[in-house]
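Please read the structure below before turning to the comments.
The values are calculated or read from the model by the stated rules, or taken from the named source; none is laboratory data. Keep in mind the model is a prediction, meaning the values are calculated, not measured. Don't worry about glycine lacking a Cβ; one is built from the backbone with ideal geometry, like all the others, and counts go over all protein chains shown.
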Ligand code: HSE
């Protein structure tokens with residue numbers, strides 16, 4: 001018996017909620033296959049595809065999918081079972097699209113299904129975050145939560161994994177542009193200052209609270225005014241060549257807001273229609289192209 005799952009890419013932070021907000025997009029996404037095998041016990045990674053010239057570890061404890069599956073198996077008291085995992089990467093690492101979270105989420109969902117679905121999606125969160133932690137050394141669920149449950153999610157606390165679904169305004173779409181540059185989350189976290197000025201914290205609280213209000217009231221103009229990152233984007237944008245021009249083009253073309261997707265280098269722009277998101281995505285891509293940087297554009301409803 002085997003189970004194959006699709007685990008979508010996600011946009012974390014969403015400009016106003018560093019480590020606490022994220023949403024899923026409909027593509028790209030990783031595929032994970034889990035299969036029972038009676039000839040051994042524990043988890044084995046038997047196939048990894050789609051990593052290009054990069055090598056992902058096949059040691060279970062060093063692999064996000066492997067670790068997530070192993071911790072789940074241990075929690076369920078099923079370590080005596082043998083589980084083979086296939087990991088088919090459909091998005092690059094270090095892209096800002098939640099690549100490691102997707103593999104970890106795909107692994108826990110596939111293993112849970114294989115064992116008769118003893119846990120809910122929400123209860124898979126903890127094991128999935130333990131898996132993702134292998135990749136970036138920090139425990140945050142802003143990619144994992146929307147990857148597992150879909151939509152836009154808010155994390156009140158990463159320690160207790162208190163996660164909530166937020167409403168999605170009608171017609172909200174996103175254009176995500178992934179330039180072919182690699183930024184590891186670990187490195188993008190290392191550039192961040194530990195302290196925030198009080199006046200900056202006040203601006204960010206205003207943005208976050210208004211963003212959430214806009215989601216609940218379907219108020220897209222307010223959502224647009226709220227999508228400003230006062231804390232993280234100013235510190236990280238230097239890691240992405242041409243960020244200011246890409247953001248300017250997205251806003252000129254009518255995006256509601258534009259910022260860094262997760263730890264970058266991908267950049268997302270929220271738009272009030274799929275048609276506009278296409279045009280915005282093409283405009284953003286053209287800026288990268290002008291500086292000789294190849295990129296992929298993904299447009300998705302949220
Ligand atoms: N919130 C995380 C960050 C997402 O921006 O570092 C990337 O894993």
Restricting the search to the stretch 92-124, which residues are surrounded by fewer than 24 Cβ atoms within 10 Å (Cβ to Cβ) and closer than 30 Å to residue 181 by Cβ?
92, 93, 94
Any residue at all in the stretch 73-84 that's out of contact with any strand residue (DSSP E or B) (no Cβ under 6 Å at 6 or more places or on another chain), within 16 Å of the ligand (Cβ to nearest atom) and touching a residue at least 24 places away in the same chain (Cβ under 8 Å)?
no
Select from the stretch 157-182 the residues that are surrounded by fewer than 24 Cβ atoms within 10 Å (Cβ to Cβ), within 15 Å of the ligand (Cβ to nearest atom) and touching a residue at least 40 places away in the same chain (Cβ under 8 Å) and list them in ascending order.
158, 163, 182
Tally of residues being part of a helix (DSSP H, G or I) and either more than 10 Å from the ligand (Cβ to nearest atom) or over 28 Å from residue 297 (Cα atoms) (or both) across the stretch 87-130
22
Within the stretch 183-202, is even one residue buried (at least 20 other Cβ atoms within 10 Å of the Cβ), in a loop (DSSP other than H, G, I, E, B) and in contact with a helix residue (DSSP H, G or I) (Cβ under 9 Å, 6 or more places away or on another chain)?
yes
What tally of residues in the stretch 17-27 results from selecting those that are assigned to a strand (DSSP E or B) and either within 16 Å of the ligand (Cβ to nearest atom) or in contact with a helix residue (DSSP H, G or I) (Cβ under 6 Å, 6 or more places away or on another chain) (or both)?
5
Output the number of residues of the stretch 258-302 satisfying the condition of being surrounded by fewer than 24 Cβ atoms within 10 Å (Cβ to Cβ) and either over 23 Å from residue 183 (Cβ atoms) or at pLDDT 95 or above (or both).
25
Hey, can you tell me all the residues within the stretch 263-297 that are within 16 Å of the ligand (Cβ to nearest atom) and more than 21 Å from residue 169 (Cα to Cα)?
263, 264, 265, 266
Qualifying residues in the stretch 126-144 (those that are touching a helix residue (DSSP H, G or I) at 6+ places or on another chain (Cβ under 6 Å) and within 15 Å of residue 8 (Cα to Cα)) - the one surrounded by the fewest Cβ atoms within 10 Å (Cβ to Cβ)
141
Of (1) away from the ligand (no atom under 13 Å from the Cβ); (2) not in a strand (DSSP E or B), residue 133 satisfies every one except (1)
Are there any pairs, at least 6 apart or on different chains, whose C-beta atoms fall under 6 Å, with the first in the stretch 225-249 and surrounded by fewer than 16 Cβ atoms within 10 Å (Cβ to Cβ) and the second part of a helix (DSSP H, G or I), and if so, which?
245/287
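So that you can scan it fast, the table gives a plain yes or no per residue for (1) farther than 13 Å from residue 88 by Cα; (2) assigned to a loop (DSSP other than H, G, I, E, B):
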residue: 38; (1), (2): yes, yes
residue: 46; (1), (2): no, no
residue: 51; (1), (2): no, yes
residue: 55; (1), (2): no, yes
residue: 65; (1), (2): no, no
residue: 68; (1), (2): yes, no
residue: 71; (1), (2): yes, no
residue: 74; (1), (2): yes, no
residue: 77; (1), (2): yes, yes
